[in-house]
Amino acid sequence: MKRYSLILWCVMAAALTMVVGACAQNGFQQIAVTKDPAVVASCQKIDDLKIEDVKADEKLSDVEAQQHLTIMARDKGANYLLISSDNARQGTAYRCSMPPAGAPAGSR
């Protein structure tokens with residue numbers, strides 16, 4: 001019994017290590033999602049993104065679609081995602097620079 005417990009703990013530790021490593025690789029970078037083109041007007045356009053369902057019977061919910069677009073944007077190195085509506089299946093990934101730390105609010 002103790003042997004199986006030790007094996008289980010080792011497997012769990014290995015799985016946790018893999019998950020933490022995967023998260024660190026993505027850098028926990030948050031992606032801001034906006035519907036306002038003015039927000040990304042001064043940003044660098046990275047790529048147009050589009051979700052294509054693998055099979056016609058596998059439909060994504062609106063939340064799943066936005067999550068998928070967000071992951072796609074992060075993978076492209078973007079930090080903003082412009083979508084047209086909450087139920088969008090496509091969007092545009094942007095890379096926006098952050099204002100300097102000492103810049104007054106609203107100077108962007």
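The values are calculated or read from the model by the stated rules, or taken from the named source; none is laboratory data. What you are looking at is a predicted structure, and each value in this text was computed from that prediction instead of being measured. Cβ sites come from the backbone with ideal geometry, for glycine too, and all protein chains shown count toward neighbours.
To keep it simple, each residue is scored yes or no on (1) surrounded by fewer than 12 Cβ atoms within 10 Å (Cβ to Cβ); (2) hydrophobic (A, V, I, L, M, F, W, C); (3) in the same structural domain as Val39 (by TED's automatic domain parsing).
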residue	(1), (2), (3)
Lys59	yes, no, yes
Glu64	yes, no, yes
His68	no, no, yes
Arg74	no, no, yes
Ala78	no, yes, yes
Leu81	no, yes, yes
Ser84	no, no, yes
Ala88	no, yes, yes
Seminar exercise, completed: All-but-one check, Phe28 against (1) loosely packed, with under 10 Cβ neighbours inside 10 Å; (2) of a type in the set (Phe, Trp, Tyr); (3) modelled with pLDDT of 90 or more, failing number (3)
